[in-house]
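What follows is a single structure, written as structure tokens, with notes after it.
The values are calculated or read from the model by the stated rules, or taken from the named source; none is laboratory data. Fair warning: this is a prediction, and the values are worked out from it, not measured in the lab. With ideal geometry, Cβ positions are generated from the backbone for all residues, glycine too; neighbour counts draw on all protein chains shown.
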Amino acid sequence: MAQLSCKNLALGYDGKIVRDNISFEVNSGDYLCIVGENGSGKSTLMKTILGLFPPISGEIKFGDGLKDKEIGYLPQQTDIQKDFPASVNEIVLSGCISKLSFSPFYSKSEKELADYQIARLGLNSLKNRCYRELSGGQQQRVLLARALCATDKMILLDEPVSGLDPMITMEMYNLIESLNKEGTTVIMVSHDIEAALNYASHILHIGDNVFFGTKKDYLKSEFSKAFTKGIGDIQ
Amino acid sequence: MSEFINKAIEYFEYPFVRYALIVGVLIALCSSILGVTLVLKRFSFIGDGLSHVAFGGMAIASVLNFTNDMPLTLLFTVIFAIVLLMSGKNAKIKGDAAIAMVSVGSLAIGYLLLNIFNTSGNLSGDVCSTLFGSTSILTLTPTEVYLCVGLSVFVVAVFILLYNRIFAVTFDEDFSKATGTNADFYNFIIAIIIAVIIVLAMNLVGSLLISALVIFPALSAMRIFKSFKSVTVFSAVLSVFCSLLGILTAVFAGTPVGSTIVAVDIVAFIICFAVGKVFGGKR
Ligand SMILES: Nc1ncnc2c1ncn2[C@@H]1O[C@H](COP(=O)(O)OP(=O)(O)OP(=O)(O)O)[C@@H](O)[C@H]1O
Ligand SMILES: [Mg+2]
């Protein structure tokens, strides 16, 4: 049983279809990269999987011990966060929000979980710093730590490296890879097709035609030819 | 100096001064704690719109000859807060226009009603007092004071109990929704609290100046402090301090209470701005 399976999804806003015929499956431990042009509906797909709004048609099923709402999420950056006065610790801790159930305050175990994720992502020295004063790469790591507080079963990353310099981008990819090796299922949107082919186990290409399959099949397919422009011969 | 203290003690003998101080402190506290959320969620304009709605509500209550116009005003404002929030959520621009329409509309209708059903001899004085709160804080009845205390306790209690959720929803609505927090519900609660705060604050500063009371302390605190908790705590403390100073100044100097408080808030903002620039901010 797959952790996440989507069948014949049609995505869109207010009944208007942005993209349809999307079917794919994600199993525990997979590393799925979603690629496609700007505006092809990648972020929309992410938000639909997260249940922020319903799909126009088709179905999304969770299984293999993964429940709806048990997904960590790293959003494409929003404006509101740019001048938000909050410390790193407060933000990471807010990832535990779903664990509160009826209690108004965080318990010791939730604080420990936040501390653990902060340490895991190497944020110890920044713990009490203000979020808006961090560099883009540091901010992404904070949001990743928050996502991991919500769950470490599956994380969704929407362009986690956009705006980062090559060094930090590498660091970020390595970090994500190590999380994946430790058992977290990763679904990542990326424009960086080279990285996608380097790290992913599966590829979902959305556009006028939709491709889903393993990386190997993708490289053999028509889709990769136009999109990868000659870097198809990595590996 | 001793003369000043004597005079102060003399003033405290009057119940209306004590009422004004109690209510002033509570209102300042309530209006500031949600300030950060409102500023960051771009809700400050909703607050502004609602204060005009509250004016309309009050006009209706006074036309209907209610002895205490707060409950009806409160009902009216809460309903509009919910309507505006629901309509403004999906379409940003439409929401803006809706707010402008509702707020200017209720201001006009309110004034019209007061004019047509003019019950008191001093209409412009009454209107001025509702808009700028010039005297209402000094003419509180014990019932109004109890109501204020009750509502303030409600606002502060809800805020403390929902603090962590309000933080999560304000910082990143999508994330909290995705992990199973009912963000719409909390937005709904926030809307109700704003409405309550606005109706409360109308007594203190009048409906035109409410936004100042909500926004200034939060913006001041954001100049200096860098975590959500410290910003919230500092803006509450600052707001209470400014209100106390404003009320006392107004009582002694005979200036209008609302605008004096706002003037003090502005000075505090300038000081915080300077402190933030000089020290580059502490945590
Ligand atoms: N809130 C919205 N309401 C209506 N339409 C939207 C909304 N958000 C996005 N769209 C439309 O949906 C389409 C897909 O947008 P989406 O953000 O999913 O693209 P994307 O693949 O993530 O692009 P990018 O690579 O630029 O991030 C676009 O045509 C966009 O105009
Ligand atoms: Mg996108």
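Quick notes on this one:
- Single residue of A:ILE155, A:ILE168 found to be more than 19 Å from B:ASP174 (Cβ to Cβ) and not charged (D, E, K, R): A:ILE168
- Of all the criteria given as (1) more than 16 Å from ligand 2 (Cβ to nearest atom); (2) more than 25 Å from B:THR181 (Cβ to Cβ), the one not satisfied by A:ASP14 is (2).
- Unmet requirement for A:ASP152, which otherwise passes all of (1) under 19 Å from B:LYS226 (Cα atoms); (2) in contact (Cβ under 8 Å) with a residue 24 or more places away in the chain: (1)
- For segment A:120-131, filtered to residues that are part of a helix (DSSP H, G or I) and surrounded by 14 or more Cβ atoms within 10 Å (Cβ to Cβ), the residue that is farthest from the other protein chains (Cβ to nearest Cβ) is A:ARG120.
- Residue check for B:SER31: within 21 Å of B:VAL149 (Cα to Cα) and modelled with pLDDT of 85 or more: yes
- On inspection, A:MET1 passes the criterion of being more than 25 Å from A:GLN77 (Cβ to Cβ) and outside any strand (DSSP E or B).
- Per-region count, segment A:144-198, residues over 10 Å from the mean Cα position of the chain (by Cα), among the β-branched types (Val, Ile, Thr) and under 21 Å from A:GLU110 (Cβ atoms): 2
- Counted residues, segment A:20-39 - those being more than 6 Å from ligand 1 (Cβ to nearest atom) and more than 18 Å from A:HIS202 (Cβ to Cβ): 2
- In segment A:1-19, residue nearest to ligand 1 (Cβ to nearest atom) [restricted to those that are more than 14 Å from every other protein chain (Cβ to nearest Cβ) and among the basic types (Lys, Arg)]: A:ARG19
- Single residue of A:SER109, A:SER94, A:SER43 found to be polar (S, T, N, Q), more than 30 Å from A:LYS16 (Cα to Cα) and more than 8 Å from chain B (Cβ to nearest Cβ): A:SER109
- Residue in segment A:202-211 that is aromatic (Phe, Trp, Tyr) and more than 16 Å from ligand 1 (Cβ to nearest atom) present: no
- Any hit, segment A:182-191, residues being within 16 Å of ligand 2 (Cβ to nearest atom), modelled with pLDDT under 90 and closer than 22 Å to A:GLY29 by Cβ: yes
- Verdict on B:ALA178 being aliphatic (A, V, I, L, M), free of Cβ contacts under 8 Å to residues at least 24 places away in the same chain and either within 14 Å of another protein chain (Cβ to nearest Cβ) or touching an Asp or Glu at 6+ places or on another chain (Cβ under 8 Å) (or both): yes
- For segment B:219-231, a tally of residues being within 9 Å of chain A (Cβ to nearest Cβ) and part of a helix (DSSP H, G or I) returns 6.
- Picking from residues in segment A:93-133 that are farther than 29 Å from B:ALA157 by Cβ and touching a residue at least 40 places away in the same chain (Cβ under 8 Å), the one that is farthest from the chain's Cα centre (by Cα) is A:ARG129.
- Candidate set: segment A:36-92, residues that are within 30 Å of B:SER220 (Cα to Cα), more than 17 Å from the chain's Cα centre (by Cα) and surrounded by fewer than 16 Cβ atoms within 10 Å (Cβ to Cβ); chosen: the one nearest to ligand 2 (Cβ to nearest atom): A:ASP79
- Inter-residue pairs, beta-carbon under 8 Å, first near ligand 1 (Cβ under 8 Å from one of its atoms) and in segment A:40-55, second aromatic (Phe, Trp, Tyr) and modelled with pLDDT of 90 or more, 6+ apart: none
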